[in-house]
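What follows is a short report on a single structure.
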Amino acid sequence: MEITAIYPGTFDPVTSGHLDIIDRAARLYSKVIVAVAVNSNKSPLFDVTQRVKLLEEVTDIFENVSIIGFDNLLVDCAKQQGASVILRGLRAISDFEYEFQLAGMNRRLSPGLETVFLTPAEQYEFISSSMIKEIARLGGDVSSFVPKIVQEHLIEKFNRG
Ligand code: COA
């Protein structure tokens, strides 16, 4: 059976932890759509166009992965894209409460859409995009947490700022 999964997030910026989840998902589902939320609540460092572009570059090797930006309800976006699974990464117990609430809300909004959780490899369990940005802003080395191209963009952003 062909199953399309949608993997939503802010991806500001995409990290090696996100990529690890995408890699696992690409082997499980016929099609994986990475959906980049405009998410004005978080005042992102990279605008949605840049976040989409970075994701496109780092997922270039996966034939069944595509990237979109979205600014509507996730369940509506999933429907438009023909996805029957919402994919989320679970890193630590602290993620659980929020993820449980999100999955519950999405189920109320769209009962047929299932949320599936994947866990990243151990070395990525503690990565978060905000920490990466803080480390990069303070001149630290983020090379083991993000793809090279993301590291270059972070350096460029903070050198200019
Ligand atoms: N590796 C590394 N970091 C990871 C990760 C992984 N595998 N999985 C999650 N993270 C980090 C992210 O980097 C992010 O870190 P930050 O908060 O420091 O930036 C954090 O975990 C959570 O971010 P993310 O997974 O991107 O989720 P989010 O909370 O930013 O996104 C949406 C939430 C976009 C899915 C949600 O707001 C949404 O669906 N919005 C659309 C509108 C909508 O439908 N709203 C109603 C929902 S009921």
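Here are the numbers:
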read-out: Range of Cα positions in the chain per principal axis (Å), largest first; value: 46, 33, 30
read-out: Violating pairs (Cα-Cα greater than 18 angstrom) within the set K53/K148; K53/K79; K42/K133; K31/K79; value: K53/K79
read-out: Integer Hz, Karplus 6.51/-1.76/1.60 couplings in order for the stretch 127-144, x for Gly and Pro; value: 6, 9, 4, 5, 5, 4, 5, 5, 4, 5, 4, 8, x, x, 8, 9, 4, 8
read-out: Separation of alpha-carbon centers, the stretch 105-139 and the stretch 43-67, rounded to whole Å; value: 15
read-out: Between helix 93-109 and the chain: long-axis angle, C-alpha atoms, 0 to 90°, nearest 10; value: 40
read-out: Distance between modelled label sites at D60 and E99, nm, 7 Å Cα→Cβ extension; value: 3.1
read-out: Highest-first arrangement of 5-14, 101-110, where packing means the average Cβ count within 10 Å; value: 5-14, 101-110
read-out: Mean Cβ neighbour count within 10 Å, used as a protection proxy, ranking 84-94, 16-26 highest first; value: 16-26, 84-94
read-out: Whole-number percent relative contact order across the chain, with pairs defined as alpha carbons under 8 Å at least 6 apart; value: 29
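Bear in mind these aren't lab numbers, they're just calculated from the coordinates by the rules spelled out. Please read these numbers as outputs of a predicted model, since none were measured by experiment. Here the Cβ is made from the backbone with ideal geometry for all residues, glycine too, and neighbour counts use every protein chain on show.
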